[in-house]
């Protein structure tokens, strides 16, 4: 499912007959399945299929780019906290507690606003907000490894703490965090789309599922498909990601 | 002799309970302090000069200076921070709103009741439906209902809540005309009636994950040794359920719900926008489009402190209802109730 989506997003320029930003004011609000426009057109006569696929390009690549830093930073911070325990753990717990006190979307909205709308702002926002999930999972796992024989053995061999974390603990934490990565990506995509919907994410006219939903909202009586189709895309991606996550979890559990 | 020992045990438990209370309070307080610091530094995230951002690139130099003066941007950071802290701890305020020229605190307090009502309404719907569904799933394990309840979260996880709201509007407000499309109705009945769709939307975003975790908790309790013992003692199943399982499920439900509440408040702000409800969400988005920094800070601060308060209260209730919660670290490894 995800493969199909990525393939469609990658080949969008070759399969789309229309420029996603080209307006055609003589052909506005065409219903889906009309001649020439498989999914219809919006109020400015832009082809929805093209916009959907180009939006997939933007949304998926922003999602991937915004996930890189939180994934590594969060995992590393969490492993360090779990491995050292004691004071390091207490400090990091206090920081995560503080972050958790902020309602998630409030934090995302406010930080995105403060750092400025656009792709750059989104990536910075999730650098600040996104690492928590990984830190928590990695911390719990690393703490459970702390007193195992193989960690003790590595210590006896005189390995440095950094080396133990990077080469002994990290490979053992990895499967779990990758599963978390899949669910978190779905959540991140929803956040990106929500920001787009609120007008503080990817800015129009760049196609983005969120801004497409919000542009369609005023016409929900007459042309509900304007909002419904991009929403379905988000749901589709979410399901695809969670299936990948489940699959990976099953494979590694064995 | 025995009385003496009993007294000692009693005193010790009371001490431990008091200790727990103080510890929870201290932790909450330190989180509040950190929140305050974080909210202060939020404004430092703005690239460039906030005053220029408010007034625009081509604003008058004198105007910019005046606003810089008002926002204390000309002072050294330490002095700004001291003033910010002083304002918060003396007046619970983050300064006057740039747009409205009145205290941000007053604005927040003015807009908060609608949001609180919405959150409360959504919470009631969430808890009631989640508990019913989780009980159904747990008592009919591996039935069709159970499977449905386990699969649904996979679908809803990646579903934007505001989009669900739009679908509900389209079906129940536009096509069926049961509810208003947006806004808040007047009068007691009109008020709650108009909040129904937004509340259901928020609840729909919460229920699946809550049901899933609640179901696992319930199954764990139902398989616990003490339930087996009760069954062996020929206690009627209904009594076991009402008196024992329900009682034991209360604390986990409460804790799960308190974790979800923070998330729910964030969602509420967005749903308010979808349904054009004039609450904190409206205030926040207006403040954002006006670049009204003090007001954004006030909304953020009040929401976060509210979440800390709620989680402190739930933690204390949980500790009162279930003494085991007080000594998680020194657990005796015994799960029986």
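Numerical summary
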| quantity | calculated |
| --- | --- |
| Positions within the stretch A:93-107 being modelled with pLDDT under 80 and out of contact with any helix residue (DSSP H, G or I) (no Cβ under 6 Å at 6 or more places or on another chain), in sequence order | A:100 |
| Inter-residue pairs, beta-carbon under 8 Å, first over 13 Å from residue A:189 (Cβ atoms) and in the stretch A:230-254, second not in a helix (DSSP H, G or I), 6+ apart | A:243/A:1 |
| Helices (runs of 4 or more DSSP H) fully within the stretch A:77-153 counting 2 or more residues that are at the interface with chain B (Cβ under 9 Å from one of its Cβ atoms) | A:86-101, A:104-115, A:119-129 |
| Sole residue being assigned to a helix (DSSP H, G or I), closer than 29 Å to residue B:169 by Cα and more than 9 Å from every other protein chain (Cβ to nearest Cβ), chosen from B:272, B:315 | B:272 |
| Selection count, the stretch B:284-302, where residues are at the interface with chain A (Cβ under 10 Å from one of its Cβ atoms) and within 16 Å of residue A:198 (Cβ to Cβ) | 9 |
| Matching entry among B:229, B:196 (being more than 14 Å from chain A (Cβ to nearest Cβ) and closer than 30 Å to residue A:228 by Cβ) | B:196 |
| Which numbered condition residue B:234 misses (of (1) more than 14 Å from chain A (Cβ to nearest Cβ); (2) more than 17 Å from residue B:120 (Cβ to Cβ); (3) touching a helix residue (DSSP H, G or I) at 6+ places or on another chain (Cβ under 7 Å); (4) not in a helix (DSSP H, G or I)) | (3) |
| Some residue of the stretch B:243-257 being closer than 30 Å to residue B:70 by Cα, out of contact with any strand residue (DSSP E or B) (no Cβ under 8 Å at 6 or more places or on another chain) and in contact (Cβ under 8 Å) with a residue 40 or more places away in the chain | no |
| Sole exception among (1) in contact with a helix residue (DSSP H, G or I) (Cβ under 8 Å, 6 or more places away or on another chain); (2) at pLDDT 75 or above; (3) within 24 Å of residue B:308 (Cα to Cα) for residue B:64, by number | (3) |
| Test: residue B:177 is surrounded by fewer than 17 Cβ atoms within 10 Å (Cβ to Cβ), out of contact with any strand residue (DSSP E or B) (no Cβ under 7 Å at 6 or more places or on another chain), assigned to a loop (DSSP other than H, G, I, E, B) and within 13 Å of another protein chain (Cβ to nearest Cβ) | yes |
| Number of the exception - residue B:282 against (1) over 27 Å from residue B:136 (Cβ atoms); (2) over 19 Å from the mean Cα position of the chain (by Cα); (3) surrounded by fewer than 21 Cβ atoms within 10 Å (Cβ to Cβ) | (2) |
| Filter result for the condition that a residue is in contact (Cβ under 8 Å) with a residue 60 or more places away in the chain, under 23 Å from the mean Cα position of the chain (by Cα) and surrounded by fewer than 23 Cβ atoms within 10 Å (Cβ to Cβ), over A:74, A:85, A:121, A:78 | A:121 |
| Residue count, the stretch A:175-196 (criterion: crowded, with 24+ Cβ neighbours inside 10 Å and more than 9 Å from the chain's Cα centre (by Cα)) | 4 |
| Condition broken by residue B:34, with the remaining ones in (1) at pLDDT 75 or above; (2) under 25 Å from residue A:112 (Cα atoms); (3) away from every other protein chain (no Cβ under 13 Å) satisfied | (3) |
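Table: residues versus (1) surrounded by 19 or more Cβ atoms within 10 Å (Cβ to Cβ); (2) under 17 Å from the mean Cα position of the chain (by Cα); (3) at pLDDT below 80.
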{"position": "B:252", "(1), (2), (3)": "no, yes, yes"}
{"position": "B:269", "(1), (2), (3)": "yes, yes, no"}
{"position": "B:289", "(1), (2), (3)": "no, no, no"}
{"position": "B:305", "(1), (2), (3)": "yes, yes, no"}
{"position": "B:314", "(1), (2), (3)": "no, yes, no"}
{"position": "B:331", "(1), (2), (3)": "no, no, yes"}
{"position": "B:337", "(1), (2), (3)": "no, no, yes"}
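The values are calculated or read from the model by the stated rules, or taken from the named source; none is laboratory data. Note that the coordinates shown come from a computational prediction; the quantities given were computed from them, not determined experimentally. Neighbour counts run over all protein chains shown; Cβ positions are idealised from the backbone, glycine included.
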